[in-house]
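Let me begin by presenting the structure, written as structure tokens, before commenting on it.
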Amino acid sequence: MRTLLLLSWKNIWRNKGRSMALMMAIILGIAAGLLMFGLVAGLVMQRFNGLVENHLSHIQIHHKDYLREQENKMILPNPQEIRQSLAGMPAIKGYAFRTLSFGMLASGYNSSGVKITGINKSEEGGISKFSENIIDGEYLDESLRYPLLISQRNARKLRVQLGGRVVLTFQNLEGDLTSAAFRVSGIFRTSDSNFDDLNVYVNQTDLQELLGENEAYHQVAILLESHEEAENLAALLSEKLPDVDIRSWSALSPELRILVEQGGFIMYIFMVIILLGLSFGILNTMLMAVFERVQELGMLMAIGMTKVKVAAMIILETTFIALIGGVIGVMLGLGIHSLFAEEGLDLSGFADALAEFGYDAIIYPLLEAKDIGITIIMVFVTAVLAAVIPAIRAVQLNPAEAVRK
Amino acid sequence: MPIIQTKQLFKIYNEDTIPVYALRDLSLDFEEGEFTTIVGPSGSGKTTLLNMIGGLDTPTRGEVLIDGTNIASLRKGDLIDFRLRNIGFVFQSYNLIPVLTALENVSLIMELQNQDPKSTRERALQVLDEVGLSDKLHSKPSELSGGQQQRVAVARALASRPKFVLADEPTANLDSKSAMNLLDIMAKLNVEESMTFIFSTHDQRVIERARRVVTLVDGALHEDLVKSK
Ligand SMILES: Nc1ncnc2c1ncn2[C@@H]1O[C@H](COP(=O)(O)OP(=O)(O)O)[C@@H](O)[C@H]1O
Ligand SMILES: [Mg+2]
């Protein structure tokens, strides 16, 4: 065995250029594969966290018909009961009651259809990082009468600035149109331009006052310790609270569900493509290495090297190359990865296009040890499998004919 | 009992199309300790005969017996093992592995036989000394002359103490001085290691050194001459 290992190792360096080229291909394949894994995982994770932490949360509770009809009068019938139920639940990080209305936002210059969310600042802070999106002004300044958070896009569209006045018009619970003047207390910007176009935030008590009902809540957003518990907990809550509509994030946002489910799948497709390319490279290189050494392999078999050992030698040669390429490739991939993992990969050039789909301009690739392990194993298995055909070709040589050449 | 016997050996290539009779009805005995050369013009069947005796190729008809064993009766895996243990080979070219040193090339077969590393090394050093290459132990084949390479090949063939050594035109690529030198070494080893040698050649000066000359013409035995000492 030692002899075989030594011989295989030495054989790699016979045609340095060719072995190096193959190693290079493996290095680049692995590095690219790892970066790809990292980017896709990072993209998915950021989109997921962005949605969940900005407004979606893990579970939402609504009036039975609210999600279908979205009428202001469909308020939660039993907020007290819901609070009691949530209080005793495990795995809940926090929850926030929200008051919602669809209406018209107008300045002296322009107007825009918006979804108004009335929030309780302290509750909301426990479940969302939305306040991090505020780029100017303050998060619903209590000292103002009727403060309002508006997106940068809407502020531009309506030509209003901090402290500026806008009018919100919507139906109260009786079905009558109400209007009130709000002051821009803060300006926000998320990575999702569609979201920004549609949403404004006000104080919950202000909105409830205007709706004409102090206990008017349309939505409860619940954040869990882990998103994986969402389905179970939603089911559990549904049993306790059969009169309201309770959904997990995957039911609330099919887009997100598909992204999370398919994200991993897409990565494996990329990986398979890279590996297919690699396996052809390996196959080709090792076949050449076999054809170049027909006489020598024939001689080895003639003097008594068994077919198993000849095949093992070819596979070992490939394995060594894959091993060297693999180790360097992982190091290179991790190196580049850690570069971007801290600073993020800045795709600002495509920021508008990305924002259109709700993605951040800066992507922080995400690599788990598991992904690295899978990558290495897959490359290794590919290398060995790709070496099988050249190894078979080698042992099929007829020593008598091979040495005659 | 002869160490090697061929019995009515035929090798016919392309039997179904245009048959080539590489060997015709060849019956030969080789005794232990012989120093025999197979001669004949190019295409007369020398390589084919050596390949049959070495078990690298199978006869169309007839048998090859080594120590009384019909090698056609051995299973493939056993045949390889049989070759490894019983037969040393020297080819016209491509005898050595270019990435290994002379010492490593000579040790290779013993290592493939899983012999004890210490005795392997001792034996390799001994045979390299016998072929006069003690000072080239760590040279790669590319750093050796053609004659030196063939001497390494002879050393390797001998190292694992096979029953006999088959050498197919070992001197064909050598100048006459190196050829004579190689022959001297083989003749010496024939005596000192009492090793049986069968080698082919069409070099007249080489033929003169052999003690038995088997001449083939068109695959058939033309003459079998044993010289008296
Ligand atoms: N694989 C083969 N197929 C067909 N004919 C062959 C093959 N190998 C050898 N021969 C023929 O067999 C004859 C003997 O060849 P060979 O044993 O190589 O002769 P020598 O070694 O004396 O030159 C030649 O006519 C050669 O052309
Ligand atoms: Mg020949």
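The values are calculated or read from the model by the stated rules, or taken from the named source; none is laboratory data. Bear in mind the structure is a predicted one, so any value in this text is a computation, not a measurement. Backbone-built Cβ (ideal geometry, glycine too); neighbour counts: all protein chains shown. In case anyone asks, the SASA skips ligands and DNA or RNA and just uses the protein heavy atoms, side chains included. Shrake-Rupley method; radii C 1.70, N 1.55, O 1.52, S 1.80 Å.
With no solvent and one equal point scatterer per Cα, compute the Debye intensity ratio I(q)/I(0) for segment A:248-405 at 0.14, 0.21 Å⁻¹ and report its log10, rounded to two decimals.
For segment A:248-405 at q = 0.14, 0.21 Å⁻¹, log10 I(q)/I(0) is -0.83, -1.28.
Order the peptides A:100-112, B:134-146 from the highest to the lowest mean number of other Cβ atoms within 10 Å of their residues.
Packing order, densest peptide first, comes out as A:100-112, B:134-146.
Give me the distance between the Cα centres of segment A:1-40 and segment B:86-103, rounded to whole Å.
One Cα centre to the other: 29 Å.
Pull out the extension gain between A:GLN80 and A:GLU215, defined as 0.36 nm times the separation in residues minus the alpha carbon to alpha carbon distance; nm, one decimal.
That works out to 47.6 nm of additional length.
If you count only protein heavy atoms with a 1.4 Å probe, what accessible area per residue comes out for the protein assembly as shown, rounded to a whole Å²?
I get 45 Å² per residue for the protein assembly as shown.
Using only DSSP helix segments of four residues or longer, with each worth -39500 (n - 2.57), what per-residue ellipticity at 222 nm results for the protein assembly as shown after dividing by its residue count and rounding to 500?
Details: 23 runs with 309 residues, N = 634.
Calculated at 222 nm, the ellipticity per residue is -15500 deg cm²/dmol.
With solvent modelled as a 1.4 Å probe, how much accessible area in total do chains B and A shield from it at their shared surface, in Å² to the nearest 100?
So the total buried area for this chain pair works out to about 2200 Å².
Along the charge dipole of the protein assembly as shown, pointing to its positive end and built from +1/-1 on Cβ of Lys, Arg, Asp and Glu, which listed residue (B:ILE12, A:LEU6, B:ASN190) has its Cα farthest out?
It is B:ASN190.
In a Debye calculation with equal point scatterers on the alpha-carbon sites of segment B:138-199 and no solvent, what is log10 I(q)/I(0) at q = 0.18, 0.22, 0.30 Å⁻¹?
-0.62, -0.90, -1.37
Lysines near A:LYS309 by alpha-carbon distance under 18 Å, same-chain residues fewer than 8 away left out - which ones?
Counting by Cα, and skipping residues close in sequence, A:LYS309 has these lysines nearby: A:LYS10, B:LYS76.
Could you work out the per residue convex hull volume over the alpha carbons of the protein assembly as shown, in cubic angstrom?
232 Å³
In segment A:265-405, if the dipole is taken from +1 on Lys/Arg beta carbons and -1 on Asp/Glu beta carbons about the Cα centre, which of A:LEU276, A:ALA289, A:ALA355 is farthest to the positive end?
Checked the options; the winner is A:ALA289.
Could you let me know the centre-to-centre spacing of segment B:206-229 and segment A:366-386, using Cα atoms, in angstrom?
63 Å
Taking the convex hull of the alpha carbon atoms in segment B:1-86, what volume per residue do you get, in Å³?
Here the figure is 100 Å³ per residue.
Given a 1.4 angstrom probe, I'd like the percentage of the accessible area of chain B that is carbon and sulfur, rounded to a whole number.
The value for chain B is 47 percent carbon and sulfur by accessible area.
Skipping prolines and chain starts, which residues have an amide H placed within reach, meaning under 5 Å, of the one on A:LEU345, given they are 5 or more residues away or on another chain?
A:ILE363, A:TYR364
List the lysines whose alpha-carbon lies under 20 Å from that of B:LYS7, not counting same-chain residues fewer than 8 positions away?
Of all the lysines, those that pass the test against B:LYS7 - Cα under 20 Å, at least 8 places apart if same chain - are B:LYS46, B:LYS163.
Over what distance in Å are the Cα centres of segment B:105-163 and segment A:82-109 separated?
Centre-to-centre (Cα) distance: 86 Å.
Taking Cα atoms of segment B:3-162, Rg/Rh with Kirkwood Rh, to two decimals?
1.02
Return the lysines within reach of A:LYS73: Cα separation strictly under 27 angstrom, same-chain partners fewer than 8 residues apart disregarded; answer none if there are no such residues.
Within the straight-line cut-off, A:LYS73 pairs with A:LYS64, A:LYS115, A:LYS121, A:LYS240.
For chain A, take the longest principal axis of its alpha carbons; what is the angle in degrees between that and the long axis of helix A:307-343, to the nearest 10 within 0 to 90?
Approximately 30 degrees, to the nearest ten.
Using Cα pairs under 8 angstrom and six or more residues apart, how large is the relative contact order of chain B, in percent?
29 percent
Label A:ASP136 and B:ILE18 with points 7 Å out from Cα along Cα→Cβ: what is the distance between them in nm?
Result: 9.4 nm between the two label points.
How far, in degrees from 0 to 90, does helix A:230-240 lean away from the longest principal axis of the Cα atoms of chain A, to the nearest 10?
Long axis of A:230-240 versus the principal axis of chain A: about 40 degrees.
How many nm is it between the label spots at B:ASP184 and B:GLU143, if each spot is 7 Å from the Cα in line with the beta carbon?
2.5 nm
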